[in-house]
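Since the structure comes first, as structure tokens, the remarks are kept for the end.
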Amino acid sequence: ICGAGTPDYFNQCGVGSYGVPNNGPGTEPARTGVAYAGIYTMNLPWINVREYIEAPLTDTLKAGKQYAVSFYVSLAEVMGYATNKVGAYFSATPIVNSCDSLLPFVPQIVNQPGNALTSKTGWTLVTDTFTAAGTEKHIIIGNFFPLGLSDTVYVGGGTWGDGCCSYYYIDDVSVILRDTLVGINDGGGGGISVNIYPNPSLGIFTIEAPQGELEIYNVLGEVIYRCEIKNPKREIDLSGKSKGIYFLKVQNED
């Protein structure tokens, strides 16, 4: 699908403007692997111009089931604006755009308010859950909102398009059936629950838990990670630790 031009694919083996970490829009190492995609989410000279990336899912989503969706974005250095309403739409069929149009769909996944997508260094997680209708076979990622609803923020430092553009690198897209998540209930009828996904993981996972203190232990009982949980969802990165089994403890005021 294309917009102001076409979406871009960047790879470590790419040359010139399409390499990793250095490329035309800026400099950013891949979050994992050696490649990522890139799209315009806003271009002020053409108010409703958009770019989107699309991919088929490995299977049609199951009706009535809840899915956890996540992907990571990084604002390119040469952009003067950020758009915080980046999201994902799930379709039964491939979507073909006219190369310059704002897609007329309501995305099932939208970046949460307060999760600013303004950083030009590192990657920011976009994540949410939704219940499938049972026909969804394709995922489309981009900005589905007109300019006035795009939560546009001026960040400065823009050199492309007179600094009037917003362009994001995108990496690590996942769609996970929540039935495959690990849940832990306190057993006392209080309804306190902890969800960890994906599990097993490659060392990077998301935890959903009430506010409190989180500790992770290795099999020797040593604390290898400790933090405060302040938001309903928190990403944990243990990719630098050895492969194996780890134990997680969450403790709140109750």
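Going from most exposed to least, what order do Lys230, Lys243 have by accessible area with a 1.4 Å probe?
Values: Lys230 150, Lys243 205 Å².
Most to least solvent-accessible, the answer reads Lys243, Lys230.
Within straight cross-link reach of Lys85, meaning Cα distance under 29 Å, which lysines are found once same-chain residues fewer than 8 apart are removed?
Partners found: Lys62, Lys65, Lys120, Lys137, Lys230, Lys233.
For the chain, report the % of Cα-Cα distances exceeding 25 Å.
Numbers: 15639 of 32131 pairs.
When every Cα pair of the chain is considered, 49 percent fall beyond 25 Å.
Using just the alpha carbons, could you tell me how many Å³ per residue the convex hull of the range 16-116 encloses?
On the way: hull volume 15.2 nm³, N = 101.
Hull volume over Cα atoms, normalised by residue count, gives 151 Å³.
What distance in nm separates the simple spin-label points at Thr32 and Thr118, each placed 7 Å from Cα in the Cβ direction?
2.9 nm
For Phe247, what accessible area in Å² do you get when you roll a 1.4 Å probe over the heavy atoms of the protein chains, rounding to the nearest 10?
110 Å²
Which FRET efficiency value, to the nearest 0.05, is calculated for Phe105 and Cys164 with the Förster distance at 30 angstrom and r the Cβ-Cβ distance?
Numbers: r = 25 Å, r/R0 = 0.83.
That gives a FRET efficiency of 0.75.
Out of the total accessible area of the chain (probe 1.4 Å, heavy atoms of protein only), what percent is carbon and sulfur?
On the way: 6770 of 12580 Å².
On the chain, the fraction of accessible area on carbon and sulfur atoms equals 54 percent.
Taking DSSP loops as anything outside H, G, I, E and B, show the longest stretch in the chain free of GluC sites (Glu not before Pro) there with at most 13 other beta carbons within 10 Å.
Numbers: sites that count: Glu222, Glu253.
Here the longest run is 1-221.
The values are calculated or read from the model by the stated rules, or taken from the named source; none is laboratory data. What you see is a predicted model, and the numbers here were worked out from it, not measured in a lab. Neighbour counts run over all protein chains shown; Cβ positions are idealised from the backbone, glycine included. These area figures cover heavy atoms from the full protein model, side chains too; ligands, DNA and RNA do not enter into them. Shrake-Rupley method; radii C 1.70, N 1.55, O 1.52, S 1.80 Å.
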